[in-house]
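Read the figures in this text as sums done on the coordinates, not as results from a lab. Since this is a predicted model, take the numbers as computed values, not measurements. For neighbour counting, all protein chains shown are included, and Cβ atoms are generated from backbone atoms with ideal geometry for every residue, glycine included.
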């Protein structure tokens, strides 16, 4: 009987389970592991949300730029200069005629005006892209389109602001302009004051930088940014200057 007692005491200790200290250590280790797992999950969710906002900004910019390219492709149509390339239409009342598109009207770093049949319905539209054109926002590039009325292409077409892309940074030029020899053209220029420059535009480049101030990058802790660039070559049927070589 005496030889069995140590075995019984050992069995009793084994049946007693873990001690309180062992349980506390186990729980602490488990909490640390779970904390790390949940931290990584939270980081992944935040990063997914950030990428979602960046994708939305990119899509918004792409749609806006696609609209711009479609509009630009209709610059100067219908245009009297398609039939007569010798007359200076700036001194002719036809420049104000609402049946005639003069083409490019004004170009600037953050603003562009032009006329063309952008709706494809045979009517001439006056189109403007401009930073804060409506005066109701500070970080948006807006588009205006109205059917042309009889009046000066630059000053006689009241805008009607519609679509826009938000959170646009305008520290750098949004629009840049080039002639047929890839020389960058000086801005601002308009059909009234700089007809020769207006008539020489061959390529328009658009560069958008969108910075969402409400969403921060997890690593840099700065507002997320999305950049988008594109360029379009146009048939510049401008009525701005007589004797200009036309590509249309």
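At a Förster radius of 25 Å, what calculated FRET efficiency corresponds to the Cβ-Cβ distance of residue 137 and residue 97, to the nearest 0.05?
Computed FRET efficiency for residue 137 and residue 97: 0.15.
Using per-residue counts of other Cβ atoms within 10 Å, averaged over each peptide, order 127-139, 66-78 from highest down.
With the highest mean Cβ count within 10 Å placed first, the list reads 66-78, 127-139.
Between residue 171 and residue 121, how many nm apart are label points set 7 Å from Cα along the C-beta direction?
Using points 7 Å along Cα→Cβ, the separation is 4.2 nm.
Using the basic label-point model (7 angstrom from Cα toward the beta carbon), what is the residue 184 to residue 69 distance in nanometres?
2.2 nm
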